[in-house]
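Data first, discussion second: the structure below is written as structure tokens.
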Amino acid sequence: RERGRSVVHVASTYNNLYLDARKRLKGAGIEAAQLEARELVCHVTGKDREQFYRDLPLYASGQVEARVDELVRRRLTGEPVAYLVGEWEFYGLTLAVNRSVLIPRMDTELLAERAILLARTAGTEARILDLCAGSGCVGLAVAANVSGSRVVLAELDQAALTVCRENVRRNGLAARVT
């Protein structure tokens, strides 16, 4: 109650949550506000993009609203959206990421593309060593795109190595990636 009046919370639709998050991110100068707002809402709701667009007119729970608000606030303080959602897409693969590894970037996709082209010229004999692998993004992209290739992901940091192993499993590449 506020000064004798009841305060009524009006439920938000997923669309309103998304639009509000996008507006806040855009207002803070975040160039990819549309993408990041969608990723945050999808992460909190457990929806993939198709489900997200399908469910835009549905109402979100108060818990979902609060969690989206929390993540948007953290993003506005500079925390990368990839770390907030715990994963990022790279060369068609969904990779786990956390503060133990760098977030795969667009320019790293150019490196992966070059490695894929080189590995394809070697055919079924392609053997790849990804040193300081971090999330394993480059080596995994090669393994996923060059059939018959064998990849070794090498990483000294144990926390990063744990992320590598998770990404090998999550992308079903354990038969060809060590």
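The values are calculated or read from the model by the stated rules, or taken from the named source; none is laboratory data. Here the structure is a predicted model, which means the values were calculated and not measured. Positions of Cβ are generated from backbone atoms using ideal geometry, with glycine treated the same way; all protein chains shown enter the neighbour counts. Accessible surface is based on the protein model in full, side chains and every heavy atom, while ligands, DNA and RNA are left aside. Shrake-Rupley method; radii C 1.70, N 1.55, O 1.52, S 1.80 Å.
Exactly which GluC sites (Glu not before Pro) in region 9-112 are in a DSSP loop and have at most 14 other Cβ atoms within 10 Å?
For GluC sites (Glu not before Pro) across region 9-112 that sit outside H, G, I, E and B with at most 14 neighbouring Cβ atoms in 10 Å, the list reads E31.
DSSP beta bridges in the chain, what fraction antiparallel, as a percent rounded to 5?
Counting DSSP beta bridges with both partners in the chain, the antiparallel share is about 50 percent.
Kindly provide the helix-only [θ] at 222 nm of the chain, computed as the sum of -39,500 (n - 2.57) over DSSP H runs of four or more divided by all residues, to the nearest 500 deg cm²/dmol? Don't skip to the answer; put the middle values down first.
Details: 8 runs with 92 residues, N = 178.
It comes out at -16000 deg cm²/dmol, rounded to the nearest 500.
Below 15 angstrom from the Cβ of L19, what's the summed charge of the other residues (Lys, Arg +1; Asp, Glu -1)?
Net charge in that neighbourhood comes out at -1.
Net charge around Q34, counting only other residues with Cβ within less than 11 Å of its Cβ (Lys, Arg = +1; Asp, Glu = -1)?
Cβ neighbours under 11 Å give a net charge of +1.
If you plug each phi of region 23-37 into the Karplus form 6.51 cos²θ - 1.76 cosθ + 1.60 with θ = phi - 60°, what whole-Hz ³J(HN,Hα) values come out, in order, with x for Gly and Pro?
Result, ordered by residue: 4, 5, 5, 5, x, 8, x, 7, 4, 8, 4, 5, 4, 5, 4 Hz.
Would you mind calculating the gained length between T178 and E89 on full extension (0.36 nm times residue separation, minus the Cα-Cα distance), in nm to one decimal?
So the chain would gain 30.0 nm between T178 and E89.
Using a 1.4 angstrom probe, figure out how much accessible area the chain has per residue, in square angstrom, rounded to the nearest whole.
I get 60 Å² per residue for this part.
Which log10 I(q)/I(0) values does region 76-159 give at q = 0.19 Å⁻¹ under the Debye formula, counting every alpha carbon as one identical point scatterer?
-0.82
Taking Kirkwood radius over Cα pairs in Å as the quantity of interest, determine which of [x] 18.2; [y] 17.4; [z] 16.1 was computed from the displayed structure.
Checking each listed value against the structure points to [x].
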